[in-house]
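Just so it is clear, none of the values below were taken in a lab; they were calculated from the coordinates. Model, not experiment: these values are computed from the prediction. Cβ: placed from backbone, ideal geometry, glycine included. Neighbour counts: every protein chain shown.
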């Protein structure tokens, strides 16, 4: 699976958009970009995933660059409850037995 | 749906003791897995199962056993606990990993301390 690079930490004011970047310059054509988050001491929570088109769901938007070498997770109106570690993961679909490689992620701190 | 449940939430063992960490899901997911999370190490895959009666090893299987007699349950057994197994253990499930890009659902975790 391709390696990802994320900033270790980011701050965001409550109510503002949080834009979390991720570099995955060695991504292959059949690898998807996944985002998970882990709120303090809880199990990781799936947020969104995509292949090459931008995706949006009730939690967030995922913007993937045309060359697929980077992506941005957007939380449109961050709240205090969005304070968490956010993980960008790249992996091939249909691959049983391979772990989700979480890495160190980005710690997002949302403040009022 | 209760989702993925894990018991116990906390456990303290002495070196050499054995125990079973329970994991259950009510979403009819074929795929289940166990991870451990250590500070600065991320999550590492211990064992996984693609369906009832089928299990396989992940990255760090030594010292752990699993079985999958039903779709719902996937217990993790520590055979002889060691201090190196002090960690937070997460169980996860999803629809078949071989069938698509389905997201994994994680349980709340079991915090294990081995003294």
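Data table
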quantity	calculated
Square roots of five times the Cα gyration tensor eigenvalues for the protein assembly as shown, Å	30, 20, 16
Contour excess over end-to-end distance, with Cα ends at residue A:63 and residue A:107 and 0.36 nm allotted per residue	13.9 nm
Distance histogram in 5 Å bins (all Cα pairs of segment A:38-85, percent per bin)	5, 20, 26, 22, 16, 9, 2, 0
Exercise: per-residue mean of other protein chain Cβ atoms within 10 Å, B:43-52	3
Shielding score for A:39-52, defined as the mean number of other chain Cβ atoms within 10 Å	4
Rel. contact order, % - alpha carbon contacts under 8 angstrom, at least six apart, chain B	35
Alpha-carbon centroid distance for the pair segment A:26-54 / segment B:1-59, whole angstrom	21
Relative contact order [Cα under 8 Å, 6+ residues apart], chain A, whole percent	36
Paired Rg and Dmax values of segment B:11-56, which use every Cα atom, in angstrom	13.3, 36
Rg/Rg_ref, chain A, where Rg_ref = 2.2 N^0.38 Å and atoms are Cα	1.01
Cα-based Kirkwood hydrodynamic radius, chain B, one decimal, Å	14.0
Test item: B:84-95 mean partner chain Cβ contacts at 10 Å	1
